[in-house]
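Report on the structure given below.
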Amino acid sequence: MGGTLEAQTQIAGTDPKIHGNRTPLRVDPTTGGLLVHQVTEVVPGTFNVDFPTNTTVSILPIDTRVESVNSADFENPFWRGAHFIIEVQSISGNAISVEIQGKNPHSGNYYPVLISLPMIEPGIRVLKIHPKFYGMPFKVAGDFLPAWFRVKVTHLNSAPVLYSIDATLSL
């Protein structure tokens, strides 16, 4: 038994061996954006929806920022890894460092999974997390993407930086 997906709908499975009590992270099929709101519909039985192997989501949309920032918390029900794509379009007199953080769902405390080297010039950098990757300091973590995660960007000073962060989540 299953149901159909509609825009702005999250589906929660009822098989605790697969889904537990977590709400799957979903992508809006209309905009491609990540849905982070609460479950609006629960479909009994199993999924009749094919989930994509890779899903690209916007973590921090393109914007000029002058202060350190944390993304929203994301719940990850089944993706094993991710590529976090940091695109710095304009930076002058500043540096930013990007940290992928896991979250302890019981205490609410964050812990580092992967931290980049400071970025001081425009360009694209990719931070990678996956249990099948070999670890490389400041670039790759040979680990699972945590069940709860966020991205923290630390600015060296208050000079403006134009950047965006997207992620490709993979099984």
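A few remarks follow.
- Taken about its Cα centre, segment 55-171 carries a charge dipole of roughly 300 debye when the Cβ of each Lys and Arg holds +1 and the Cβ of each Asp and Glu holds -1.
- Once divided by 2.2 N^0.38 Å, the Cα radius of gyration of segment 105-171 becomes 1.25.
Laboratory data are not the source of any read-out in this text; all were calculated from the coordinates shown. Note that this is a predicted model, so its numbers are computed, not measured. Here the Cβ is made from the backbone with ideal geometry for all residues, glycine too, and neighbour counts use every protein chain on show.
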